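Colleague: One structure is given below, represented as structure tokens, and several questions about it will come after.
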Amino acid sequence: MKTSSKALLLACLPLLALTGIILKGRPHPQQVTYSRLSSSRLSSSQPLGTAHVYLKGNQSMANQQLIKGGAAVAITNVQPGAAAGSGQSYPGAQSIPSANIYNGSNLLWTGGLTTDLPSTQNGITVSAITTTGPGFVATLTAAATSSAPVATSLTILTSSGGTTTSGVFDVVAALVAPTGVTATPQAGLGVVINCTNATSQPPGTTFNLLESTTAGGEGTTPVASGITLSYMRQEATAGQNFYILQAQNGTATANSAEVSAFAYDQASGFSNTASATPSVPAPGAVTGLTATLTDNGTAPSIALAWALPTSGQAITGINVRSGSASGGESTAPLNAAQLAASATSFAFQAAYNQDYFLVVDTIDAGGTATSAEVHIKTDVAAPTNLTATGGNNQTVLRWANNTGTLGEMIQYSLDNVNWNNLITLATVVGTYTDTAATNGVKRYYRLADLN
């Protein structure tokens, strides 16, 4: 730089301080303009690379807040100035053809204002931008799900008549309803309203109290505003009251769930002490329990059937228990695994010549319910090793007796299809001679043990 140029620059430095205008380079993704300086205004824009003009004082606008999910906010750019003719004026009252909103160098919103408004991008809606003499007013809203970073300053840049102006604001978290609200009565008609969880609210949030003597009747007009989160409400008369704690930020509000308390003036002494332990009720018992015996000649089988309960707690499972005497059912169930709650039958293999006393248990978290008992006795096993030896107009029968047998019933047939009773023996003998047999006529025999 030549000596004359240096001298000119040094001479201009006091003027820069006087006008309050500073030049601040900032990386930016778009080509913008740098305005030339004069003693009275910025004018005659000419390209100077990736830089913006920031007028001193704009950065102080960062305390302007836009609440996510809240009402529209007017973000104002106010240029520092003085009386006309002081050399600090700025070209205003000009149309604004375009604007951008940045988070740092990240472009969140852009638009040509004469055609695009209102416009929503990344959850930020710009409904209007108007000039205000040396600055502008931008009317914005941010959706609750806006991608704009919370508590990070965003910058609006507008271009007008070859110049660029800016306004800075913060996007803050959406207003949320207070939780953990309680209402505790105190002697003397006082009710303490406490809130244990009113965090994560936007800066500048205050709290109000809504009240009613009927549930849901609190309305929208607070009975107390700007209260603390542990607030004593003094009632005029005794009775039940209903309360809502309201968070407020600007025109946006968020209400807690309703709580209630009975305001009282005085309380008597306490009564005697009583205690109880709540528990889940037992389920209903099955009804109509029946037992049916079947025998395939090798082993007997018992089939149970019942009807599920129609009242009581929902059951979670079913067990079947058995005993050899009435009321003597085992605690261990016959079923290896608990039956499903919907089961209505169960069968098992039994032993010959046994008494079975059976019950069905229904189960839930509160315990068990036992059905009425049913009794059934199995028969003795069929005789084995029956032989028949023919003689002169007779046949000798022999067989093996079973334990518990009280007698035998013997039958004969001429075709092994149609059977006739031959004799019933009252004692167990293991042998019998059929003297009614005829030489040359074949007879078939069978017998059953009696008990």
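The values are calculated or read from the model by the stated rules, or taken from the named source; none is laboratory data. Just so it is clear, the structure is predicted and the values come from calculations on it, not from any experiment. Cβ: placed from backbone, ideal geometry, glycine included. Neighbour counts: every protein chain shown.
Colleague: Scan region 400-422 residue by residue and report those that are farther than 28 Å from residue 327 by Cβ and either polar (S, T, N, Q) or in contact with a Gly (Cβ under 6 Å, 6 or more places away or on another chain) (or both). Give the derivation first.
Modeller: Filtering region 400-422 down to residues farther than 28 Å from residue 327 by Cβ leaves 400-402, 405, 407-422.
Passing the criteria: 401, 402, 405, 411, 413, 416, 418, 420, 421.
Colleague: Right, here's the next one. Cβ-Cβ distance below 7 Å, separation of 6 or more or different chains: which pairs start in region 255-268 with a residue that is at positive phi and end on one that is crowded, with 17+ Cβ neighbours inside 10 Å and part of a loop (DSSP other than H, G, I, E, B)?
Modeller: As it stands, the answer is none, since no pair meets every condition given.
Colleague: Here's something else I'd like to know. Just to check your reading of the model, which residue among 163, 220 is out of contact with any helix residue (DSSP H, G or I) (no Cβ under 6 Å at 6 or more places or on another chain), on the phi < 0 side of the Ramachandran plot, modelled with pLDDT under 95 and exposed (fewer than 13 other Cβ atoms within 10 Å of the Cβ)? Spell out how you get there, then give the answer.
Modeller: Details: 163 fails: exposed (fewer than 13 other Cβ atoms within 10 Å of the Cβ).
Of the residues listed, the single one that is out of contact with any helix residue (DSSP H, G or I) (no Cβ under 6 Å at 6 or more places or on another chain), on the phi < 0 side of the Ramachandran plot, modelled with pLDDT under 95 and exposed (fewer than 13 other Cβ atoms within 10 Å of the Cβ) is 220.
Colleague: hydroxyl-bearing (Ser, Thr, Tyr) and surrounded by 18 or more Cβ atoms within 10 Å (Cβ to Cβ): is that true of residue 205 in this structure?
Modeller: Details: hydroxyl-bearing (Ser, Thr, Tyr): yes; surrounded by 18 or more Cβ atoms within 10 Å (Cβ to Cβ): yes.
Yes; evaluated as a whole, the condition is true for this residue.
One line per residue, one yes/no per condition, for (1) surrounded by fewer than 10 Cβ atoms within 10 Å (Cβ to Cβ); (2) more than 30 Å from residue 198 (Cβ to Cβ); (3) without any contact (Cβ under 8 Å) to a residue 12 or more places away in the chain:
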site	(1), (2), (3)
252	no, no, no
276	yes, yes, yes
281	no, yes, no
290	no, yes, no
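Colleague: Also: Return yes or no: is residue 401 at pLDDT below 90, assigned by TED's automatic domain parsing to the domain that holds residue 300 and of a type outside the set (Gly, Ala, Ser)? Please lay out each step first, then the result.
Modeller: Values: at pLDDT below 90: yes; assigned by TED's automatic domain parsing to the domain that holds residue 300: no; of a type outside the set (Gly, Ala, Ser): yes.
No, not satisfied.
Colleague: Also: Looking at this structure, is residue 207 assigned to a strand (DSSP E or B), among the aromatic types (Phe, Trp, Tyr) and either in the same structural domain as residue 64 (by TED's automatic domain parsing) or in contact with a Ser or Thr (Cβ under 7 Å, 6 or more places away or on another chain) (or both)?
Modeller: Details: assigned to a strand (DSSP E or B): yes; among the aromatic types (Phe, Trp, Tyr): yes; either in the same structural domain as residue 64 (by TED's automatic domain parsing) or in contact with a Ser or Thr (Cβ under 7 Å, 6 or more places away or on another chain) (or both): no.
Criteria not met by residue 207.
Colleague: Then there is this: Keeping to region 300-333, report how many residues are in a loop (DSSP other than H, G, I, E, B) and under 13 Å from residue 363 (Cβ atoms). Talk me through it step by step, then tell me what you get.
Modeller: The first filter runs over region 300-333 and keeps only residues in a loop (DSSP other than H, G, I, E, B), leaving 308-311, 314-316, 324-333.
Still in the list and also under 13 Å from residue 363 (Cβ atoms): 308-309, 314-316, 333.
Residues meeting the conditions: 6.
Colleague: Can you tell me which residues in region 275-293 are among the hydrophobic types (A, V, I, L, M, F, W, C) and either under 30 Å from residue 343 (Cα atoms) or modelled with pLDDT of 95 or more (or both)? Don't jump to the end; show me each part of the working.
Modeller: The first filter runs over region 275-293 and keeps only residues among the hydrophobic types (A, V, I, L, M, F, W, C), leaving 276, 280, 282, 285-286, 289, 291, 293.
280, 282, 285, 286, 289, 291, 293 - these are the residues of region 275-293 that are among the hydrophobic types (A, V, I, L, M, F, W, C) and either under 30 Å from residue 343 (Cα atoms) or modelled with pLDDT of 95 or more (or both).
Colleague: Taking strands (runs of 3 or more DSSP E) that do not extend beyond region 337-437, which have at least 3 residues that are within 19 Å of residue 301 (Cα to Cα) and over 48 Å from the mean Cα position of the chain (by Cα)?
Modeller: Numbers: elements: 345-349, 355-364, 367-370, 374-377, 384-391, 394-400, 407-413, 420-425, 431-434.
Hits in region 337-437: 374-377.
Colleague: For the subset of region 134-146 comprising residues that are part of a loop (DSSP other than H, G, I, E, B), surrounded by 14 or more Cβ atoms within 10 Å (Cβ to Cβ) and small (Gly, Ala, Ser), which member is modelled with the lowest pLDDT? Before the answer, list the steps.
Modeller: First, pick out the residues of region 134-146 that are part of a loop (DSSP other than H, G, I, E, B): 134, 143-146.
Cutting the leftovers down to surrounded by 14 or more Cβ atoms within 10 Å (Cβ to Cβ) gives us 134, 143, 146.
Imposing the further condition that a residue be small (Gly, Ala, Ser) reduces the set to 143, 146.
Values: 143: 85, 146: 82.
Restricting to residues being part of a loop (DSSP other than H, G, I, E, B), surrounded by 14 or more Cβ atoms within 10 Å (Cβ to Cβ) and small (Gly, Ala, Ser), the top hit is 146.
Colleague: Can you tell me how many residues in region 258-274 are within 29 Å of residue 180 (Cβ to Cβ) and part of a loop (DSSP other than H, G, I, E, B)? Outline the logic, then answer.
Modeller: Narrowing region 258-274 to residues within 29 Å of residue 180 (Cβ to Cβ): 258-265, 267, 270.
With part of a loop (DSSP other than H, G, I, E, B) added as a condition, the list becomes 258, 264-265, 267, 270.
Total satisfying the criteria: 5.
Colleague: In this structure, is residue 276 in the same structural domain as residue 340 (by TED's automatic domain parsing) and on the phi < 0 side of the Ramachandran plot? Write out each step before concluding.
Modeller: Working: in the same structural domain as residue 340 (by TED's automatic domain parsing): no; on the phi < 0 side of the Ramachandran plot: yes.
Here the answer is no, as residue 276 does not meet what is asked.
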